[in-house]
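Remarks on the structure that follows.
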Amino acid sequence: MGSISTPPAYDQPLPSGDGILPYALKSSAGSIESSCLAQLKSTSLDTPLEEMKARYERDGYLFVKGVLPPEDVIEARRQYFNYLGPTGLTKEASDPAAGIYCGSDPRLWLAPGKLRTAFGLEGHNPEYVDRMLAVHAAPWYRGFSAHPTIKSFIERLTGWEDSTLLERSILRPNVPGGEATQVHYDQIFLRGGPPTTVTAWVPLGSCTIRGGGLLYLEDSVGIGEKLEKYFAEAAKDFSEEEKISAFNAAMMDTGFLERDAGKFGKEWQRKWLAADYEAGDVVFHHPFIVHASAVNEDEDGRIRLATDLRYVEKGKPFDERWMKIYEPDDGL
């Protein structure tokens, strides 16, 4: 199926986030005009818990400053680029913690999968592909992804007595000028369970608005829910396995909603919310909130590295396909 062109669900545009940004961003296909951008609202760590809960329920996200110790985040960034450095990804002799891009054709650093194959790169730089995958099982990353501060925060935010971290997560190195994350909501890839996950999106290092960080479509939880009902109806005659697949015949072959984030936002009369992220910041978000990223245009050539960690309430049903370490052909 092609891109989603469902008419807007609302007759009038809703109020946008704080502050219009003075410049455009790029998505995987097309630009996101400055008039279509606004500021993602941040929340300080000392905000009363009840107010945090109310913001999460209202907005579908909670962008919290300084959740993690910055030194833990920077060390994780250093570990990643120290391990990937021998593949040629980073600038020679640069500090691994800086994560400065080597400057070559961005397509050479695509993740393993359909797009890398489409560009004829399946056999190119096998050491990069091997290391990019192997790093997900590295003890330092397993330890970081299970950071007790994130687990504790999510349990406070949700009121869960205990939580379970889904084992599958992906470290995403978005190089300057490379492919951006396309428009989606998480539940597309988590259909094997109820929409009860909480995602913690963690930038590993500071990332300016122009550095390719996540963008959230304002007031879009309802849009995600509406689209998922549409997809479920379209797949009602599919097998059970096909119904829960993000790549079934009712979807785009990538599982995403749209490559052109600017176009999608205009169709739904919503602005994209962007922010400068600092080491230690975390965005907690709802499984139906629509999000994407912009192309990394960092002026200093920094690679945007991030991971998304997903939690569910312990003892409750969830998509058990996610209880394994990421592999490129795992069907998710």
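Tabulated data
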| read-out | value |
| --- | --- |
| Cα convex hull of region 112-209, projected area averaged across orientations, nm² | 8.6 |
| Helix-only [θ]222 nm of the chain, DSSP H runs n ≥ 4, -39500 (n - 2.57) each, per residue, nearest 500 | -7000 deg cm²/dmol |
| Of Lys266/Lys324; Lys53/Lys243; Lys41/Lys263; Lys41/Lys226; Lys263/Lys324, pairs whose Cα-Cα distance is over 27 Å | Lys266/Lys324; Lys53/Lys243; Lys263/Lys324 |
| HN-Hα J in Hz across region 281-294 - Karplus 6.51, -1.76, 1.60, θ = phi - 60°, x for Gly and Pro | 6, 9, 10, 9, 9, 6, x, 10, 5, 7, 8, 6, 10, 9 |
| Net charge contributed by nearby residues that have their C-beta within less than 13 Å of Ile74 (K/R +1, D/E -1) | -3 |
| Ratio of Rg to Rh over region 254-296 (Cα coordinates, Kirkwood Rh, two decimals) | 0.98 |
| Share of Cα-Cα pairs in region 228-326 lying beyond 20 Å, as whole percent | 59 |
| Positive minus negative residues near Asp219 (Lys, Arg vs Asp, Glu; Cβ under 10 Å) | +1 |
| Hz values of 3J(HN,Hα) by residue in region 319-332 - Karplus curve (6.51, -1.76, 1.60), Gly and Pro given as x | 7, 6, 4, 8, 8, 7, 5, 3, 9, x, 10, 8, x, 10 |
| Residues Glu240 and Trp140, FRET efficiency given R0 of 51 Å [Cβ-Cβ distance, rounded to 0.05] | 0.85 |
| Ordering of 137-144, 62-69, 324-331 by packing [mean C-beta count within 10 Å, highest first] | 62-69, 137-144, 324-331 |
| Computed Kirkwood radius, in angstrom, where 1/r is averaged over Cα pairs of the chain | 20.3 |
| Amide H contacts under 5 Å for Leu204, placed H, 5+ residues apart | Leu305, Ala306, Thr307 |
| Whole-Hz couplings from phi, Karplus 6.51/-1.76/1.60, listed for region 68-77; x for Gly and Pro | 9, x, x, 5, 5, 5, 5, 5, 5, 4 |
| Ranked packing of 130-136, 55-61, 77-83, 315-321, most packed first, by mean Cβ within 10 Å | 77-83, 55-61, 130-136, 315-321 |
| Lys314 long-range amide H proximity, modeled H, under 5 Å | Asp162, Ser163, Thr164 |
| Residue exposure sequence - Leu37, Leu332 - by fewest surrounding Cβ within 10 Å | Leu332, Leu37 |
| Mean separation of Cα contacts under 8 Å (6+ apart) over length of region 18-315, as relative contact order % | 33 |
| Hydrodynamic radius by Kirkwood, which averages 1/r over all alpha carbon pairs of region 92-156, in angstrom | 14.6 |
| Per-residue Cβ neighbour rank within 10 angstrom, fewest leading, Ser35, Ser220, Ser145 | Ser35, Ser145, Ser220 |
| Ile325 versus Asp95: modelled label distance in nm, points set 7 Å from Cα along the beta carbon direction | 3.0 |
| Charge dipole magnitude, Cβ of K and R +1, D and E -1 - the chain, Cα centre, debye nearest 20 | 140 |
| Net charge, Glu161 excluded, C-beta distance under 15 Å - Lys, Arg +1, Asp, Glu -1 | +1 |
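Every number in this text was worked out from the coordinates using simple rules, so none of it is lab data. Bear in mind the structure is a predicted one, so any value in this text is a computation, not a measurement. Please note: Cβ atoms are built from the backbone with ideal geometry, for glycine as well, and neighbour counts cover all protein chains shown.
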